[in-house]
Each structure stands twice: as C-alpha cells, then as structure tokens.
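The block underneath contains the structure these notes are about, expressed in structure tokens.
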Amino acid sequence: MAKCKISSLVVGAWMVNCWFLVNEDTKEALVFDPGDEAERILDYADQRGWKISAILLTHGHSDHIAGVHALKELTKAPVYALQEEKEMLLDPHLNMSDTMTSYGVTVKADTYVQDGQELTLSEIPLKVFHTPGHTPGGCCYYCEEAGCVFAGDTLFLGSVGRSDFPGGSMSELARSIREKLFLLPDETVVYPGHGEETTIAYEKAHNPFV
C-alpha cells in the first residue's frame, strides 16, 4: 500500500486548485488539473523532491487545461482524460479557451479512460467516475487508499459546478453526484477544482443543490 500525501497549488487567473497526489515511498507525484503556470507547478514539485509522473484531467475547460502542454513538455508525463471529453479538449470554442485566454488551447490525452476504470499510477490505485453535468465528459478520480476524491468542478463545498456552459446539464450534474459521489464512504475527503475541500458526509447533509 502506497503512503500517500496530498498537496495543492492555486494557479491561473481563474484560481484553479492544482492537486498533487504523491507516493511518499517513490516520491512520484500525480498532478490533477494543471490549469496554468506549468513552471511554477514543476518548481513546487522539484523543491519537495517529487517527480511528476502523470497528469490527470477532470474536464476540458480552459482554466483546468491551459498548463497541460507546457507541463508535459517539461516532465514528459503522460496525460489522462475521460474518453467523452475528447471533443472538448480538442476544440478551443467548446473548452472556451478562445474567450478565456488570448490563445486557443487544445489537449490530446495519451490515454482516454472510461467510467469505472481502475488505474494504478505510481503504485497508487485510482477509480474513474464519469460525472457529466458540468461538461459532458467530466470525471472524478477516487483514491480509496488516501480516502479522497478529486472532483474537479463537479462538487464544491456547499455547491456544485456551473451547468450553463456548452454541454452542461443541472439534472445530469445532480444525478452524477447522487449516483456516483454520494455512494462513496461518508468520510471521503472531496478535493474540488476551486475553493476549499469538504467531505461526502457534509455535502450529503448540507448541499442545497443535490
């Protein structure tokens, strides 16, 4: 069983949480949603003696993917995303980089994953959940060993992701949370794409949107 450490940086103008899930035995780090400031993300890892071994995307909006290309160039780490998000990742209009940035952003993942797929990256087991609603191919990554889920913009502290962007659906988003995330153990810590962390138990009891 890997000994896991979790850390984060807030990056970019849109204040995205870039999460690190680190195997403390091997000093390898999985990076979730490097939305900007690739060199700063790498410096943060280097200062702690971590090697970035994989880049995982929860969804394809520009504020979560704008740093992917540069970070991959710097680290050679493979990129993972859900199959259903492929179109958005490759289309600057759909991922809104044509309006959110001064340049169009496209990302081609090295591996496209599926709902329910189990991964082992840097000896850390993860399970993928397709959680549409914020985007059609939004997903969350559950790490049972660390007791946490990286939720992107699906679920926030007392709130949920927006559903008024292209491909969004409030009914799908609420269903994703109820039928996927709320089935996780109550003590599971939720690491969201923006804002503070929360727990499944707290959101089941207090989230007014679900």
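The values are calculated or read from the model by the stated rules, or taken from the named source; none is laboratory data. Just so you know, these numbers come straight off a predicted model, no measurement behind them. Note that we place each Cβ from the backbone using ideal geometry, even for glycine, and neighbour counts take in every protein chain shown. Heads up: the accessible areas ignore ligands, DNA and RNA and are worked out on the full protein's heavy atoms, side chains in. Shrake-Rupley method; radii C 1.70, N 1.55, O 1.52, S 1.80 Å.
Within the range 37-52, the set of residues being open to solvent by 30 Å² or more (accessible area, probe 1.4 Å) and either assigned to a strand (DSSP E or B) or of a type in the set (Asp, Glu) (or both) comprises GLU37, GLU39, ASP43, ASP46, LYS51. The set of residues in the range 79-105 being touching a Cys at 6+ places or on another chain (Cβ under 9 Å), part of a helix (DSSP H, G or I) and open to solvent by less than 20 Å² (accessible area, probe 1.4 Å) consists of GLU85 alone.
When the range 162-202 is limited to residues that are at pLDDT below 95 and not hydroxyl-bearing (Ser, Thr, Tyr), the one that is least open to solvent (accessible area, probe 1.4 Å) turns out to be GLY168. Residue pairs whose Cβ atoms lie under 9 Å apart, sitting 6 or more positions apart in sequence or on different chains, and linking a residue in the range 195-210 that is among the aliphatic types (A, V, I, L, M) to a partner that is part of a strand (DSSP E or B), are ILE200/VAL149; ILE200/LEU155; ILE200/VAL189; ILE200/VAL190; VAL210/LEU155; VAL210/VAL160.
For (1) basic (Lys, Arg); (2) touching a helix residue (DSSP H, G or I) at 6+ places or on another chain (Cβ under 7 Å), each residue gets a yes or a no:
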residue: THR101; (1), (2): no, yes
residue: LEU121; (1), (2): no, no
residue: LYS127; (1), (2): yes, no
residue: SER163; (1), (2): no, yes
residue: ARG178; (1), (2): yes, no
residue: TYR202; (1), (2): no, no
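The single condition among (1) outside any loop (DSSP other than H, G, I, E, B); (2) small (Gly, Ala, Ser); (3) closer than 19 Å to CYS140 by Cα that GLY116 does not meet is (1). Name every residue in the range 1-36 that is open to solvent by 10 Å² or more (accessible area, probe 1.4 Å) and in contact with a helix residue (DSSP H, G or I) (Cβ under 9 Å, 6 or more places away or on another chain), in order of residue number. Those that are open to solvent by 10 Å² or more (accessible area, probe 1.4 Å) and in contact with a helix residue (DSSP H, G or I) (Cβ under 9 Å, 6 or more places away or on another chain): SER7, LEU9, GLY12, ALA13, TRP14, MET15, ASP36.
Residues in the range 106-118 that are surrounded by fewer than 17 Cβ atoms within 10 Å (Cβ to Cβ) and not small (Gly, Ala, Ser): THR106, LYS108, ASP110, THR111, GLN114, ASP115, GLU118. How about the range 178-210: which of its residues are among the charged types (D, E, K, R) and either closer than 22 Å to SER7 by Cα or outside any helix (DSSP H, G or I) (or both)? Within the range 178-210, LYS180, ASP186, GLU187, GLU196, GLU197, GLU203 qualify.
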